[in-house]
Amino acid sequence: MTEVAVAESRPRAFAPAEIARSIRRLPLHLTVWVVMAIWLVPTLGLIVNSFRSVQDMGHAGWWTTLFPPHGLTLDSYERVLSTPNVATSLVNSLLITIPATVIQVTIATMAGYGFAWMKFRGRDFFFLVIVGLMVVPIQMTLIPVLRLFAATGLAGSFVAVWLAHTGYGLPFQVYLLRNAIGGLPREVFESAEIDGASHVQRFWQIAVPMSVPAIASLVIFVFIGVWNDLLVALTFMGSSPNRPLTVVITGLVTSLGGGWQFLTAAAVLQMALPLAVFLFLQRYFVRGISSGAVKG
Amino acid sequence: MDSRILTAVGAVVGIPLILGGYLYLTERLLAAASLRTQARIRPYVWVVPAVSFATIFMVLPTLNTIVLSFQDKTSTRWVGLDNYIFFFTNSETINSLKNNLLWLVFFTGFVVIGGLLIAVVFDRIRYETLAKTAVFLPLPISAVAASIIWKFMYDYQPPGQVQTGTLNAVIGTLGFSPVAWLINSTTNNPALIFVGIWTATGFAMVIISASLKAISSELLEAARLDGANELQVLRLIITPLLMPTLTVVATTMVITALKVFDIVYVLTAGAYGTDVIARQLFARLANADYGRGGAVGVVLLIAVIPLLLLNIRRFRQQEEIR
Amino acid sequence: MAPSVVRFPPRVLVFVVSAVLVVGACSSAGSPSTSGGAPAPAASQAAASGATGSAATGQVGGQVTVWTAWGGNELKAFQAVLKPFTDKTGIQVLATTVRDFSQLAINVDAGTPLPDIAGPPNPDKIPEWAQKGIMKPLEEILGADGWAAYSKDTNPALLTIGVVDGKHYLEMVKTQVKGLQWYNTKVFTGTPPKTYDELLAIKPPSGAKLTCVGLESGDASGWPGTDMLANIVMRQSGPDVYTSWYQGKQPWNSPEIKAAYQLFGKFVSEADVYGGPNTVLSTNFGRAGKPLFADPPGCMFLEQATFIPSFFLEDYPNLKPKDDFDFFPDPSINSQFDGNIEGFWDSFVAYNDTPQSRALMQYMSTAEAQQIWVDAGGTLAALKTITKYPDPIFAHAAQVAADAKNILPTAGDQMPADMQHAFWKSTLDFTNDQSQLDTILAHLDEVRAASYTTQ
């Protein structure tokens, strides 16, 4: 397999051809910036507000902070970070999220390969059942699953939460991965099979490396989903002292909603890690890992 | 504390290894059988973990739900189709069905098309990661945080007062009087759907972008050299090649539209004609009305069947092509 | 490439086996599944080895889990209340903020461990849970002495709630009074009106409206409106109609309820409310009072409960209670129904009978605990015997509560969840378009028919 990397030749910056090219691409860049602005402005509002006092937020919009007096304060952050248990809850969130992500992605990748490249009786039926299950509202499943955990003595443990997340997340993950792995060129697998590679080898040495972008995107989504989850954690770990971050954040506001300004800081802190994961995994969204594989 | 970390590390390291070991052991066992038997049994080995999880966590509870949907509130009497009749005749639920239809069409449409266009356009610029991060940013935001963001965006102050909401401030500088975006029945559904689009487009973009990268750049360059403009490249090359991925994204978005809950719940609580099925379900379950709640769940399942049929056709097509 | 038979290097096999052993060892050796699941067995072990006497006097040790809707400053106040308790008894209180009480119902239905102490379920579940023994009766939990003291010193109206077969299940911990008209002392300087008609006749200064109302509250939007309606119903039609109403026996389109909506409608009409209906619907209840203190003022009165001052202070931190703002209770409509006020409370229910949960329940009913709550501010006590309120506003409110003939529960809270949600929404729909009243009431009756069936 030769890797074909994209190599854009870079002509000299101020040559007439380059300037003309830039002007032609102006609408493109304009569109990009407009889109970015639409998407960023709401979140920017949240981030700026997390540095403002609740009085300011009530009196004027967040953009007024850009002009003096700026009125920035770290109060919300101080409050969030000084909440009892916030550090341990962060660790708990990690202990819930990372194993859950690993478990789900590995099982889903195996199943994705199986559904994509193996023929067996009932394949389409099983697959459609799995996809159809995506529509089932999670609330309808909580009690039966909880009973099962109670019967097996797992209720309240980390294992219960990992398994629950896996069970609820697999339908979409299998769906996505089957599509990604199934879209790989047949020729590559066939030539490997002719060369005597087993399914395990074809899976591990061909399917997985070639679907890295899809797997990476899945890791991002699963991580976010589990990291931000409140319902599953509360239901399956309710009375346990091992509370994740989301539960502690709920405790920042009074039952009437007082103290909501702290939620702005909490939200910014909470989204930092998934964002970091996203940025870290960007390296896997590179063209060239699989393109040109057919030419091999 | 130590034992938890140990368990977590054990899981992170152990599960992939256990699965690997599981495949290895089954291969060894299968080696004893004929090649044909191996080919027949091996697929089940690979999909059994996923199918088992799905069965335990979703299939069995769903069967339970279907049973409950034919019973009364306390799950003691059978009431036949009463819950379904209620669902289709009650004015509130009919209204929510209509709203879900709006979501289905507009939310799915904008997210899929928007995600595609954004993925394609961003692919062509040098600062791609920066741009993609901007669109991705709404995804890690929890529902609680998103509600705060959009309350600020849509905030309404009486005409003549300082507008604290971004949208009303903007139209205020353009000379218009403030709009109660979430209250006004013309604007509220679109406003909510826009929040959904804002959140989900990043999701579509990430998935489509991953598949986009798999398209050989030589193919695209060749087409451009042949004189195809960007729109033609998009229409004639990229879209057909991405059809399977677009189907996945569209299917997922349709299901999301059917299940939309958080946005509506937190911003309008389903009032002013914005209610959706999932919020109705939530209300039923909060009242421990598992009968009516179950009926809602079953209706969702039935609603998704056409989608599944579409997917079957896609798979068959994909298999023929490759 | 590789030969046709799968060959894993022996190293991998070693990894696999050791991984299995590691995971297996972790699961059995003190992993969360054994330590986090049920505090009750651990607690009872501690109790067996520790002191057996009255928990309030000796060191008992152990743990008690509490689920509460409190968060933020409420939670901080709760921690302050708990400190003397923990110091005295050595019992560790594990408080988790859980807003969605259907979590409790889920655990009950699934048979999984419940928290030791938590809030009560919806009123329609109370009889069932009491009879099934899910909730433990106060008479047992507080002990004979504790119960005698509690029932003697707690406001009698509070003792009528949560009673099943003569046993009490809800321990009242703190209370609020609703239906108070708040005003800026510099804007309203007259004497409090005696009737609603007088109230509606007050002329606000030019540029200001008579009332401020804010109905927005996330998924509970509309509840301030339901409080206003409840206060009207009890004064207009009396406590008997009020009680049948929340019990589902009074039709929504009956003349009494309809009249209440019509009177409520005046308070949210374009003419009388600050910013008109759109503002009412868009404004969060906590910020609705801002125009009271604006310059120039936007309105004269805000009807809210005793918990609203902390929200005033969010926007205007320098306001002084009584000097800058004060309240008078909702005036009268029909004089024969005077003396009724609407109350709201926080209550605890014991779900597990352990020495630790008994200790905490007993402690929460003592004057010592409730005084700490009161000193932290923002609430009234449940005990009649507490009279020392540092905040003059709350002292005034306590007086109002003490003088009242009847403290009626918040109507919405006493309805089944479905009905309450519909009730909340009805105030939103009504404010949005008052001409829809008959349709709205008809819909409420539909929900009533479906909701109250305990069958």
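Whole number in Å², please: accessible area per residue of the protein assembly as shown, 1.4 Å probe, ligands, DNA and RNA not counted. Don't skip to the end; give the middle numbers.
On the way: 42670 Å² over 1073 residues.
Accessible area per residue: 40 Å².
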One computes Rg over Rh for chain C from alpha-carbon atoms, with the Kirkwood Rh, and obtains 1.07
Counting only backbone N atoms under 15 Å from a point 7 Å out along Cα-to-Cβ of B:TRP78, the residues of the stretch A:132-150 in range are none
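Given the Cα atoms of the stretch B:152-196, and with Rh set as the inverse mean 1/r over their pairs in the Kirkwood sense, what is Rg to Rh to two decimals?
Numbers: Rg = 10.1 Å, Rh = 10.5 Å.
Radius of gyration relative to Kirkwood radius: 0.96.
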Which three semi-axes in whole Å describe the equivalent ellipsoid of the protein assembly as shown, each the square root of 5 times a Cα gyration tensor eigenvalue, listed largest first?
53, 36, 27
Whole percent per 10 Å bin, from 0 to the bin with the longest distance: what is P(r) over all C-alpha pairs of the stretch A:84-291?
8, 28, 31, 21, 9, 2, 0
Taking chain B as a Gaussian network, where each spring joins two C-alpha atoms under 10 Å apart, which residue of B:GLU128, B:GLU230, B:GLU27 fluctuates the most?
B:GLU27
What three numbers, in Å, describe the spread of the alpha carbons of the stretch A:16-73 along their principal axes, ordered from the longest?
54, 21, 15
Determine the relative contact order of chain C: mean sequence separation of Cα pairs under 8 Å and six or more apart, normalised by residue count, in whole percent.
23
What average count of beta carbons from other chains do you get within 10 Å of the Cβ of residues in C:335-348?
0
If you count only protein heavy atoms and use a 1.4 Å probe, how large is the accessible surface of A:LEU146, to the nearest 10 Å²?
0
Straight-line reach from B:LYS132: which lysines have a Cα under 21 Å away, not including same-chain ones fewer than 8 places off?
B:LYS213
From the phi angles alone, apply the Karplus equation (6.51, -1.76, 1.60; θ = phi - 60°) to the stretch C:261-272 and give each ³J(HN,Hα) in whole Hz, x where the residue is Gly or Pro.
4, 5, 5, 4, x, 5, 6, 10, 7, 3, 5, 10
Buried by partner chains in the stretch A:243-264 (accessible area down by at least 30 Å² vs chain alone, 1.4 Å probe, heavy atoms, protein only) are A:ARG243, A:THR250, A:GLY251, A:THR254, A:SER255, A:LEU256, A:TRP260, A:LEU263
Kindly write out, for the stretch A:182-196 in residue order, the coupling ³J(HN,Hα) from the Karplus curve 6.51 cos²θ - 1.76 cosθ + 1.60 (θ = phi - 60°), rounded to whole Hz, with x marking Gly and Pro.
x, x, 6, x, 4, 4, 4, 5, 5, 5, 5, 5, 4, 6, x
Ranked order, C:ASP240, B:ASP155 - accessible area, probe 1.4 Å, largest first
C:ASP240, B:ASP155
Amide H neighbours of C:ILE91 under 5 Å, at least 5 residues apart or on other chains, H built in the peptide plane: list them.
C:VAL60, C:GLY61
The stretch A:205-247 pair-distance distribution - Cα-Cα, 10 Å bins, rounded %:
26, 33, 21, 17, 2
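Averaging sequence separations of C-alpha pairs under 8 Å and six or more residues apart, then dividing by the length of the stretch A:84-291, give the relative contact order as a whole percent.
Numbers: 178 pairs, mean separation 70.1, N = 208.
Relative contact order of the stretch A:84-291: 34 percent.
Give the dimensionless ratio obtained when the Cα radius of gyration of the stretch B:65-185 is divided by 2.2 N^0.38 Å. Could the numbers behind the result be given before it?
Numbers: Rg = 21.9 Å, N = 121, 2.2 N^0.38 = 13.6 Å.
Normalised Rg, Cα atoms only: 1.61.
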For C:ASP100, which sequence-distant residues (separation of 5 or more, or a different chain) have an amide H within less than 5 Å of its own amide H, given hydrogens modelled in the peptide plane?
none
When each pair of different Cα atoms in the stretch C:247-307 is counted once in the 1/r mean, what is the Kirkwood radius in angstroms, to one decimal?
13.4
In square angstrom to the nearest 100, the accessible surface buried at the C/B interface, both sides summed with a 1.4 Å probe, amounts to 3500
Leaving out same-chain residues fewer than 8 places away, which lysines sit with a Cα under 16 Å from that of C:LYS405?
C:LYS178, C:LYS384
Tell me, what HN-Hα J-couplings in whole Hz come from the Karplus equation 6.51 cos²θ - 1.76 cosθ + 1.60 at θ = phi - 60° for each residue of the stretch C:353-365, using x for Gly and Pro?
8, 10, x, 5, 5, 4, 4, 5, 4, 5, 4, 5, 8
How much solvent-accessible surface does C:LYS320 expose, in Å² to the nearest 10, with a 1.4 Å probe and all protein chains in place?
110
With all protein chains in place and a 1.4 Å probe, C:LYS83 shows an accessible area in Å² (nearest 10) of 120
If each of B:ASN95 and A:ARG283 carries a label point 7 Å out from its Cα toward its Cβ, how far apart are those two points in nm?
5.4
Please list B:ASP123, B:ASP289 in order of solvent-accessible area, largest first, computed with a 1.4 Å probe with all protein chains present.
B:ASP123, B:ASP289
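Stretched out fully, how many nm does the piece from C:LYS266 to C:GLN79 gain, at 0.36 nm a residue minus the Cα gap?
Working: separation 187, 0.36 × 187 = 67.32 nm, distance 4.26 nm.
Result for the pair: 63.1 nm of gain on full extension.
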Under a no-solvent Debye model with one identical scatterer per Cα of the stretch A:53-193, what's log10 I(q)/I(0) at q = 0.10, 0.14 Å⁻¹?
-0.63, -0.85
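How high is the relative contact order of chain B? Use alpha-carbon pairs under 8 Å, at least six apart in sequence, and give a whole percent. Before the final figure, lay out the partial values.
Details: 298 pairs, mean separation 84.2, N = 322.
Relative contact order for chain B comes out at 26 percent.
Starting from the Cα coordinates of the stretch C:73-173, work out the convex hull volume and express it per residue in Å³. Present the calculation step by step, with values, prior to reporting the outcome.
Values: hull volume 13.3 nm³, N = 101.
Spelled out: Cα convex hull of the stretch C:73-173, divided by residues, is 132 Å³.
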With all protein chains present and a 1.4 Å probe, the order of A:ARG147, B:ARG224 from largest accessible area down is A:ARG147, B:ARG224
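With a 1.4 Å probe and every protein chain kept in, tell me what percent of the accessible surface of the stretch A:84-291 is carbon plus sulfur.
Details: 4170 of 6070 Å².
Carbon-and-sulfur percentage of accessible area, whole number: 69.
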Counting sequence-distant residues (5 or more places) and residues on other chains, those with an amide H built under 5 Å from that of C:PHE325 are C:THR185, C:LYS320
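Once the mean 1/r over all distinct Cα pairs of chain B is inverted, what Kirkwood radius in angstroms do you read off?
On the way: mean 1/r = 0.0420 Å⁻¹.
Taking the inverse mean of 1/r over all distinct Cα pairs, chain B comes out at 23.8 Å.
Add -39500 (n - 2.57) for each DSSP H run of 4 or more in chain B, then divide by its residues: what number comes out at 222 nm, to the nearest 500 deg cm²/dmol?
Details: 15 runs with 226 residues, N = 322.
Only helices count here, giving -23000 deg cm²/dmol.
The values are calculated or read from the model by the stated rules, or taken from the named source; none is laboratory data. Only a predicted model underlies this, so the values are computations on that prediction, with no experimental measurement involved. Glycine gets a Cβ as well: all are built from the backbone with ideal geometry, and neighbour counts include every protein chain shown. Heavy atoms of the whole protein, side chains included, go into the accessibility calculation; ligands, DNA and RNA do not. Shrake-Rupley method; radii C 1.70, N 1.55, O 1.52, S 1.80 Å.
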